[in-house]
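Attaching a single structure in structure tokens format; questions to follow.
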Amino acid sequence: MAFDRMKWLSGSIFPASVATYLRRARETGIVNIATSTQLFADDILARQLEDALGLTSVWIVPEDRQAMDPTAEMPVVAAAVFLELINKGDRVGVAWGRTVYHLADVMPYADLQGVTVVQLCGNLGAPYSYRPDQCTTEIARRLNAEGINVYAPLVLSSEQLAEALRAEPVIHEQMATISDCQLALYSVGGIEDDSHLVKCGALTPEEMHAGGNGRCRGHCRSDHRP
């Protein structure tokens, strides 16, 4: 755009209107503001973690940078990395958590038709400000992808009731598609007593403190069952 044209626009449109137009353009996918992830992959500590844990790639958002608040910057970087990993036609599993919710809220808009976003765990009731179905639905909307939600509770009162629900044809079919996912999005949270896993009743504080390995094993079995 020519400088004279830009000056004319800046002089004839209120800044608030420009911000509104940009927001609408971003929401419709006309304008996309992306974060370069290379800066966060070049960190020396990231290389050390890759070597120590045998990981393919690690991105680190440092706490000593003055540019942004790391807690606000981390979901933006994670969303950009996640988008880079998705290929057309992929089936993507989405878990649940505060970080996943914030990631979904800043996910760039993209036209990835043929992608399917699958909810990986059961749902929560209305009192929770961020629910598994909200994360799945919002990410699917941002990617112009198909979203598949699981409308069954995350926590039930008995193992018998949980087994009966898993045996229901609709639920069973949805759970069976999880093993077909090429990509899974989840976050690793703390083990404090006020963790959302404790608050929703999925784990007791004692179970939470018993060790992360047991918790991972309990929620993701070797046969891909939830």
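Every number in this text was worked out from the coordinates using simple rules, so none of it is lab data. In this text, all values refer to a predicted model and were calculated from it rather than measured experimentally. Here the Cβ positions follow ideal geometry from the backbone for every residue, glycine too, while neighbour counts run over all protein chains shown.
Work out the length of the dipole vector of segment 104-190 about its Cα centre, built from +1 on the beta-carbon of each Lys and Arg and -1 on the beta-carbon of each Asp and Glu, and round it to the nearest 20 debye.
200 debye
What number do you get for segment 33-187 when its Cα radius of gyration is normalised by 2.2 N^0.38 Å, N = residues?
In units of the globular-protein estimate, segment 33-187 measures up at 1.15.
Taking the Cβ of each residue in 121, 200 as the centre, tally the other Cβ atoms inside 10 Å and list the residues starting with the fewest.
200, 121
So for 43, 193, fewest C-beta neighbours within 10 Å to most, what's the order?
Placing the least packed residue first, the sequence is 193, 43.
Hey, if you put +1 on the Cβ of every Lys and Arg and -1 on every Asp and Glu Cβ in segment 154-198, which of 175, 196, 164 ends up farthest toward the positive end of that dipole?
Of the candidates, 175 comes out farthest on the positive side.
Next question. Pairs of alpha-carbon atoms within less than 8 angstrom and 6+ residues apart define the contacts here; what relative contact order does segment 33-187 have, in percent?
Contact order relative to length: 22 percent.
Now a separate question. Can you give me the long-range amide H partners of residue 183? Hydrogens built in the peptide plane at 1.01 Å from N, cutoff under 5 Å, separation of 5 or more residues or another chain.
Long-range HN contacts for residue 183: 91, 93.
When the Karplus curve 6.51 cos²θ - 1.76 cosθ + 1.60 is applied with θ = phi - 60°, which whole-Hz ³J(HN,Hα) does each residue of segment 142-148 get, with x for Gly and Pro?
With coefficients 6.51, -1.76 and 1.60, one gets 5, 9, 6, 10, 7, x, 10 Hz.
Continuing with this model, one more query. Enumerate the calculated ³J(HN,Hα) couplings along segment 77-85 in order (Karplus 6.51 cos²θ - 1.76 cosθ + 1.60, θ = phi - 60°), each rounded to whole Hz, writing x wherever the residue is Gly or Pro.
Result, rounded to whole Hz: 5, 4, 5, 5, 5, 4, 5, 5, 7.
Shifting gears a bit: Suppose every K and R has +1 on its Cβ and every D and E has -1 on its Cβ; what is the size of the dipole of segment 33-187 about the Cα centre, in Debye to the nearest 20?
Charge dipole, segment 33-187, about its Cα centre: 260 debye, nearest 20.
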